[in-house]
1. Modelling each spin label as a point 7 Å along the Cα-to-Cβ direction, I'd like the Ala237/Ile348 distance in nm, to one decimal.
2. For region 150-244, what percent of Cα pairs sit more than 19 Å apart?
3. What per residue convex hull volume, in Å³, comes out for region 365-465 when only alpha-carbon positions are used?
4. Could you tell me what percent of the accessible area of region 1-69 is made up of carbon and sulfur, with a 1.4 Å probe and every protein chain present?
5. Just want to confirm a number: the relative contact order over region 1-98, from Cα pairs under 8 angstrom separated by 6+ residues, in percent.
6. With a sphere of radius 13 Å drawn around the Cβ of Gln54, what net charge do the other residues whose Cβ falls strictly inside it have (Lys, Arg +1; Asp, Glu -1)?
7. Using 0.36 nm times the number of residues separating Lys215 and Leu324, minus their current alpha carbon distance, what extension gain do you get?
8. Starting from the Cα-Cα distance between Ala391 and Val376, subtract it from 0.36 nm times their residue separation and give me the gain in nm to one decimal.
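The values are calculated or read from the model by the stated rules, or taken from the named source; none is laboratory data. Everything numeric in this text was worked out from a predicted model, so none of it was measured. Don't worry about glycine lacking a Cβ; one is built from the backbone with ideal geometry, like all the others, and counts go over all protein chains shown. Areas reflect the complete protein model, heavy atoms only, side chains present, ligands, DNA and RNA absent. Shrake-Rupley method; radii C 1.70, N 1.55, O 1.52, S 1.80 Å.
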Amino acid sequence: MCGIMPHCIAPGCTSGYKSNPEKVHFFTVPKDENMITLWQNAIRRKDFVIRAGQFLCEKHFLPEDILWKRELTSPDGQVLGVSHYRQPRLRKGVIPSQFPWMEISTSVSLDNSLLQDTPFQETVYKFDALHCTRNNLQEARSDEPSKFSFINLITCATLQIPINWIRRTVTCEAITMESFTNVMCRKIGNSFITVNIKELIVQENLCLKINVMCKPFDVTSFGISSDAISSIEDIEAALIALNLKNICCGASTNNVCTHNSSISYIDHFNILRHKQCIVLLDNENQCTHCKRLCQTLKRKKLRLEKQQNKRIRLTLTPRNNEKLLKLRNKCHAALKAKKRAQVNIAKIKANLEKVQRKMAEINNESVDEMLTNRNVPKNQRIAIKEIISAANSKNKHGKRYSEEWLLLCMLMHMRSPMSYNFLRDNEILPLPCVRSIRSRKIFWNVMELYYLMKSLLEKAFLSTQKI
């Protein structure tokens with residue numbers, strides 16, 4: 001609207017003015033000259049000529065004349081998706097009909113043709129401006145209550161629909177119907193399919209039809225006395241009753257390959273059902289026919305498995321029969337040996353787990369107590385501690401060794417480098433690398449020279465004092 005606040009051109013309407021802070025949506029006058037003349041006759045504003053681009057607020061249109069969302073439907077009439085408009089739009093051919101001088105709703109004519117401009121199928125509602133004369137309006141007024149009609153159903157915006165239900169107007173072969181559907185989506189293989197599980201259809205003659213899983217159902221079973229409805233309450237009651245019904249889950253899909261086509265069939269969702277399946281249930285999830293079908297399929301499956309596992313009896317010569325018996329005995333013996341080995345392996349694993357738990361609970365203090373109580377020599381104690389610490393460490397590289405163990409390793413390497421390398425390569429003892437020992441050797445050699453020089457200096461100092 002280019003930043004300019006629009007004003008409604010209808011007589012007596014204050015939408016868009018400063019005196020009226022109410023927020024409403026505005027719609028522009030169409031560019032078609034024929035539509036402009038129809039809008040001019042409908043507005044009835046004296047000494048005023050409307051032009052394309054002028055504004056009229058949403059108060060002067062019926063609720064069903066305004067489009068808030070767009071439904072993408074398949075050729076079968078199923079809703080595939082819904083997209084909401086950023087700004088509401090008017091249906092094609094709509095003319096304003098709500099004005100202060102009109103006390104009753106104006107007549108609406110249904111155009112049964114579908115829009116071809118967009119890929120979405122929408123029913124077009126056109127306002128017949130030729131019947132908007134005052135004489136027709138006076139004839140339409142009467143003190144008697146008006147009967148319920150199909151137009152009242154279409155124009156009703158207060159109809160309460162259960163959750164997950166979709167309402168749409170469908171036209172087929174010049175017949176307009178109001179459809180209420182409950183759609184379910186399921187994945188079969190790598191593709192997704194949508195099926196109308198429950199569907200309630202109201203035709204122009206107010207005849208009510210109910211379909212469940214593409215099967216027609218009797219209307220009287222939902223608390224409605226006859227096929228023709230007389231009010232909005234009848235439709236709401238039928239929708240609530242239909243929504244509360246459960247759908248039979250059928251037999252298991254695992255038994256589809258073994259099903260008998262004479263007593264069962266597969267529906268749109270690849271679910272196996274009995275041919276006498278009731279489909280709709282009050283409280284249960286599976287009907288008695290489908291339960292019996294499951295039992296028969298299980299018995300049939302067990303019979304097939306027994307036939308497959310049945311031993312084949314061969315007619316052989318006595319010599320070949322002896323060979324076959326020997327092979328069978330060997331096979332039985334091998335199976336028994338395998339079972340015994342599996343039992344022994346399980347016992348060994350259990351014992352190993354117990355020992356590992358005990359080793360994990362052992363601390364350095366407990367090890368020292370055990371070794372001292374049993375009078376183990378000092379060097380052996382040092383070796384046992386290093387073995388336990390090496391077993392607890394997860395990484396072989398970057399180990400930390402005690403000073404006492406490093407001294408023993410240095411002495412062992414000085415005594416016999418070949419035996420040291422043999423013990424280390426075969427992982428008999430947790431011995432450090434030769435480079436770390438050599439670095440320690442240099443350190444101890446330097447310390448030894450330091451103390452030697454210190455002692456020589458002290459002796460020289462004492463001798464000079466005596467002199």
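1. For the pair Ala237/Ile348, the computed spacing is 7.9 nm.
2. 42
3. Values: hull volume 15.7 nm³, N = 101.
Roughly 156 Å³ of hull volume per residue.
4. Values: 2510 of 4400 Å².
Summing carbon and sulfur atoms, their accessible area is 57 percent of the total for region 1-69.
5. Details: 130 pairs, mean separation 25.7, N = 98.
Rounded, it is 26 percent for region 1-98.
6. For residues surrounding Gln54, the net value is +3.
7. Length gained, Lys215 through Leu324: 33.2 nm.
8. Working: separation 15, 0.36 × 15 = 5.40 nm, distance 2.04 nm.
Full extension from Ala391 to Val376 adds 3.4 nm.
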